[in-house]
Every structure is written in structure tokens, then in C-alpha cells.
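Here's the structure we're looking at; comments come further down.
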Amino acid sequence: MQEKFILALDQGTTSSRTLLVDSKGVIRGSAQMEFSQRYPKAGWVEHDPAEIWSTQWATMSKVMEDADIDFSHIAGIGITNQRETTIIWDKRDGNPISNAIVWQDKRTASICEELKSKGLEDYVRENTGLVIDSYFSATKISWLLDQVDGARKRADRGELLFGTVDTWLIWKLTGGKKHVTDYTNASRTMLFNISTLEWDPWLLEQMNIPRSLLPEVKPSSGLFGYFRDGDHQIPICGVAGDQQAALFGQACLEKGMVKNTYGTGCFMLMNTGDKKVISRNGLITTLACSTGENIQYALEGSVFVAGSAIQWLRDGLKIIKSAAESEKMANEVSGSDEIFVVPAFAGLGAPYWDMYARGAIFGITRDTRSAHLVKATLESMAYQTRDVLEAMVEDSEIKVKTLKVDGGAVVNDYLMQFQADILNVPVERPEVVETTAMGAAYLAGIHLGWWDYRVMMADRRVEREFIPVMDSDRRQSLYHKWQDAVRRTRGWAEK
Ligand code: ADP
């Protein structure tokens, strides 16, 4: 019999990727293509939806070509995607009305202020699990409807559709037949009620967003539609936003399990089981992947600038040639320096939610060299992670036993050891670091009957565990100084 595979589509912020996964869960091929980032004004970030699709399609084709197979070998498609990024298109011709507004885009900050002054914060937190912030899709939708010529009228006539990137890809894959999303992506729009699992009619009214714009919402593992290639029809059967997919891919399937992803930003999620924990500490509550109607919730804290601070060292300051060099430089510095870099380039995320904080470097002396800055920038990822983890433990009242890590920066051993030290919690790096795309593959495979939860838990292998070795006085003193440094960056751009 012909061997079958899953195509796992991983549509990220900077690149589109596809993995080819066999029925044993082994990655048999991958392809990746970067696409352009557009910055039309300060604080604005856009992607071209056509390019999102063309690069995704190119990587799907490439991975099959390399493996010398075609769609007859594909049993199912899983999708994971950059979340919150907002696309609106015309349902008749499929043409987007403008570029996608990316999650990092800050143009709707003033709309958020208005919503807050209308007193919507408590309602939003209680029903969507979120804080009011330009990061989520809702205000991006409002902006597009109000600012793109004729959009409001076309939306009122029911001609337009909104989608996060998963919805856009499914629309393209099904030839415009399906306008759907999954619970995890819907829970990032600030329009989805995470208790009733429906679009929230009151919020739609408050934000003047027509219901007809919104996709149908389904559990993350299940049938979303078919991609047709000649006689073959291939189910799209696993969909989740990137961070929830990573939580699933790390097999954090039980209450209290936590993962942290170190990519452009840092994203920490804790599975809180069937309990919706509403944060008192600036975290958000979100839906975790579900394979049926029984829902799991997660607490999430996101740090906006993590790995991108390393890119800043490379491309902005030009004091490293590659991200990998940061580890070597950090190791060259003796451990006693106390330089702190707060990379609040675009405000601060959880647990502070301060759009007006700006970056700063503290503790510079005549002896400070570039290696110190590199080390302190790496450490800022670990400190920000501790800020989030502390909030999580307090909200959930769950003690964290280990931190499971993934993302591009976890190859950095210096960072991982410092992370374990500053948290006083062991850090576990898995063998397969492709947790996001594998999460999407698992969701699809579960629908296909290939795998179940138990197999996933049992199959997970740890490549290395980093054990805390720092003495507790030093840990405490460093962390206090970090907190002080953060305090001094707050509200800067407002002054
Ligand atoms: P994303 O999915 O957000 O694009 P990735 O998970 O691919 O991000 O991770 C890329 C990020 O990791 C980049 O911001 C890069 O600076 C950082 N990174 C990559 N290698 C290292 C390293 N050895 N040390 C520190 N940071 C690194």
C-alpha cells in the first residue's frame, strides 16, 4: 500500500513553512520561504495576503517535490498560523480589501483607548479572556472597515469576510468554499465569548462589526473542509493558532503543564484544564486545542520582544554577525557584571501591558563592552519569562514543576541555563523542537485516527534538561534589579 503523510502548514510571522510528517510522527521533509514585512508608517506592520498564500503553496509543493510524492500520498492537512493578524476580503472574487494588519501593528492604540474609556475592560476580560489591546483582531477589523474606502458599506451589504490567517488559508485551499476557523484562533479576536463558544453579540454591536463578516468556529481537531486535487480530496482536519499548537505539540495536555516559546516574541501558555482562570495579574485567558467538544483553557502571557532583540543586536547595532554568536559572546563575560537591557521597543506585554514603555539599558560603566550588551539582551528574555511565570503561578495557584521550551532561540545553551537559574525551575528542551508544526500535525492525525493523546505523551523525548545552579541570594538580587529597571521604562513615550 502507498505510504501516507500529513502536510503540516506553519504560517508564521516571517516565513511560511510546510512539514511532511509520516504516520509514526516522524518529520520526513520540510520547506520554508520568507516573505516581505511591510512597515508603511511608524508602528504599522503589514503582510500581503497574496504573498502569504503563494509562499505557503510554494512550500507545500516543494516538500512534496523533494519527497517525490504528490497529493495522492497526503492523508490530511494540518494548519498552524501567526495569530490575530487580520485579513478582510471580498467573498465574490476573494480579493483582499487591503494588506493584512499584523499582530504587532499598533495603529489601533487610540481605538483601544476609546474602548477603555467606554468602560468595556471588565466585560472584555470576563467574556473574551483578553485585555483591550491593539494586538488582538477586533480593533484591526474596525480600523479596516472605517479607513478603507467603501469597506463599511460593502460589509453592511454582506459582501466582505474577515479571517485570521488560518481562515484565509482554508478559504484558498477549499477554493472559496469554506469560511471557518477554530476555537484557538477565534479566542484571539477579542470578539469570541470563551464561555459560550460563540461570537459575542454585545461586543459586535459595541464595535460596530457585522456578524456576516465572521467565520464559523470549530474544535481544533475535526473536519474544516477539503482541498481538491483532481480526483483526490484531502481533509483539512487540524487547525490551531501557533502558540496553542505548540502547547499541544509539547504534549502539555494536562492541567498545570507549561511551555514557553522563544521566537520573535516569547509566549508562555499553561494548560488550566476545563477551568477558565481569569487573571488578576495581566495575563490573558484563552482556549487551548480541543479534539472534541470538551474544552480546555489556558493562561497565556506574551512578551513582545525576545528573539527580535537578538536581531536588533545583529542588524541594528551590528555587534554580532549571527544570532548563534550571542552565546559565545555571553560566555566570554565574567558572571559578576550587572547590566540590564529592557527591550521595550514597542511597549511591554504581559504582565505589564504598557504600550508607552520604551527600551533602556541600565548599569553601563566605562568598562562596558559589546559582549556585556549581548549577554544582558539574552538575559532579558529570561527575566521577562520569569515576570510572566510568576503571574501565572499566582493566578492559577499551580506550582510549576518544569518549563518545557521551544522556538528558535532555545538552541542557545547560555540562555537556557540562565533561564533555569533565574526561575529556579528545571528547563526541558525536547528532541523535536518543531513543536508548533507538530502540534498541527497531531491535531490532524488525531482526526484521521492515526494517534491519540497517550501515544503523544509517551513519544515525547527530552533532549536536555537544564537544572538550576545559581545560589538563591544572587537570583533574588538580580531579579530585584531587573524589576527596578522595568519600572524605570514605564510610560516613557507618554512623557
Ligand atoms: P518566529 O517563529 O517568531 O519567526 P523562531 O522560532 O524561528 O521565530 O526563532 C527565531 C528567533 O530566535 C529570532 O528572533 C532569532 O534572533 C532568535 N535566535 C535564533 N538563534 C538564536 C540563538 N542561538 N541565540 C539567541 N537567539 C536566537
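Yes/no matrix, rows are residues, columns are (1) open to solvent by less than 60 Å² (accessible area, probe 1.4 Å); (2) more than 16 Å from the ligand (Cβ to nearest atom):
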position: Asn294; (1), (2): no, yes
position: Val305; (1), (2): yes, no
position: Ala324; (1), (2): no, no
position: Ala357; (1), (2): yes, yes
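Would you confirm whether or not segment 274-290 contains a residue that is in a loop (DSSP other than H, G, I, E, B), without any contact (Cβ under 8 Å) to a residue 40 or more places away in the chain and more than 16 Å from the ligand (Cβ to nearest atom)? Yes, that holds for at least one residue. Of everything in segment 394-408 that is aliphatic (A, V, I, L, M) and at pLDDT below 95, the residue that is nearest to the ligand (Cβ to nearest atom) is Val400.
The residue of segment 332-348 that is farthest from Phe418 (Cα to Cα), among those that are in contact with a helix residue (DSSP H, G or I) (Cβ under 6 Å, 6 or more places away or on another chain) and more than 12 Å from the ligand (Cβ to nearest atom), is Ala344. Quick check, is Ile364 open to solvent by 10 Å² or more (accessible area, probe 1.4 Å) and either among the charged types (D, E, K, R) or within 23 Å of Ile422 (Cα to Cα) (or both)? In short, yes. Pairs are defined by a Cβ separation below 8 Å, a sequence spacing of at least 6 or placement on different chains, a first member in segment 225-238 that is free of Cβ contacts under 8 Å to residues at least 12 places away in the same chain, and a second member that is in a strand (DSSP E or B); the pairs so defined are Gln233/Tyr226; Gln233/Phe227. In summary, Ala50 fulfils each of the numbered conditions (1) open to solvent by 20 Å² or more (accessible area, probe 1.4 Å); (2) under 19 Å from the mean Cα position of the chain (by Cα) with the single exception of condition (2).
Given the condition of a type in the set (A, V, I, L, M, F, W, C), surrounded by fewer than 15 Cβ atoms within 10 Å (Cβ to Cβ) and either out of contact with any strand residue (DSSP E or B) (no Cβ under 8 Å at 6 or more places or on another chain) or assigned to a helix (DSSP H, G or I) (or both), answer yes or no: does some residue in segment 338-352 qualify? Checked segment 338-352: no residue is of a type in the set (A, V, I, L, M, F, W, C), surrounded by fewer than 15 Cβ atoms within 10 Å (Cβ to Cβ) and either out of contact with any strand residue (DSSP E or B) (no Cβ under 8 Å at 6 or more places or on another chain) or assigned to a helix (DSSP H, G or I) (or both). Among all residues of segment 368-388, there is none that is open to solvent by 40 Å² or more (accessible area, probe 1.4 Å) and acidic (Asp, Glu). Of the strands (runs of 3 or more DSSP E) lying entirely inside segment 77-189, those carrying at least 1 residues that are acidic (Asp, Glu) are 87-90, 180-182. Only one of the numbered conditions (1) more than 30 Å from Leu373 (Cα to Cα); (2) within 14 Å of the ligand (Cβ to nearest atom); (3) part of a loop (DSSP other than H, G, I, E, B) is not met by Ala251, and that is (2).
The values are calculated or read from the model by the stated rules, or taken from the named source; none is laboratory data. A quick note: this is a predicted structure, and the numbers were derived from the prediction, not measured. No Cβ is skipped: glycine too gets one built from the backbone with ideal geometry, and neighbour counts run over all protein chains shown. Please note that ligands, DNA and RNA were not included when accessible areas were found on the heavy atoms of the full protein model with its side chains. Shrake-Rupley method; radii C 1.70, N 1.55, O 1.52, S 1.80 Å.
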